[in-house]
Amino acid sequence: MVSLDKGDVREILKMLEDELNLTPKVDKIEKMKMRSRIRKQANWLLGTINPTADRLYNGLEDRLSEVFSLYPYGFCHQLRDFLGVKLLVLKKREKKELRLRSQSLTS
């Protein structure tokens, strides 16, 4: 069973917040509210079991639709690629841990 750890979630949320900080279209108070909404997605990301890049991206886009409407076009592709790389590393780490566990059980 694969799921994101706190460090991965922190990186994803930081990426979303950093891009929001670069948008000049929104005043300071609205940005603070949007950052709060972004941070509230941490539990959902941590609780997602066997995540895929598309599933995470679509979930974030649905939950943060007003924030995503402010992001530039290229950022969405960048975020999807970032999620894909994170999940690939996560799955490799999980396979390695399973292999080590099975070796220790047979020894």
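Taking the C-alpha atoms only, the angle from helix 6-21 to the longest principal axis of the chain is near 20 degrees. Distance between the 7 Å Cα→Cβ label points at Leu22 and His77: 1.4 nm. Label-to-label distance for Glu97 and Thr52 is 2.2 nm, based on points extended 7 Å past Cα in the beta-carbon direction.
Between Glu30 and Asp5, the simple label model (points 7 Å from Cα in the Cβ direction) yields a spacing of 3.8 nm.
Too long at a 32 Å Cα-Cα cut-off: which of Lys14/Lys95; Lys6/Lys28; Lys33/Lys86; Lys14/Lys96; Lys31/Lys91; Lys28/Lys91?
On the way: Lys14/Lys95 27 Å; Lys6/Lys28 27 Å; Lys33/Lys86 27 Å; Lys14/Lys96 27 Å; Lys31/Lys91 34 Å; Lys28/Lys91 38 Å.
Correct reply: Lys31/Lys91; Lys28/Lys91.
Which whole-number percent is the relative contact order of the chain (Cα, under 8 Å, 6+ apart)? All intermediate terms of the calculation are to be shown ahead of the outcome.
Working: 64 pairs, mean separation 40.6, N = 107.
Relative contact order comes out at 38 percent.
Applying the Kirkwood pairwise sum to the alpha-carbon positions of the chain produces a hydrodynamic radius of 15.1 angstrom.
Along segment 51-64 the Karplus relation, 6.51 cos²θ - 1.76 cosθ + 1.60 evaluated at θ = phi - 60°, assigns HN-Hα couplings of x, 10, 4, 5, 5, 5, 4, 5, x, 5, 5, 5, 6, 10 Hz to successive residues, with x for each Gly and Pro. Note on segment 17-69: Rg/Rh from C-alpha atoms, Kirkwood Rh, equals 1.01.
Throughout, read-outs are computed from the coordinates displayed, never taken from laboratory work. Note that the coordinates shown come from a computational prediction; the quantities given were computed from them, not determined experimentally. Here Cβ is always computed from backbone atoms with ideal geometry, including for glycine, and neighbour counts include all displayed protein chains.
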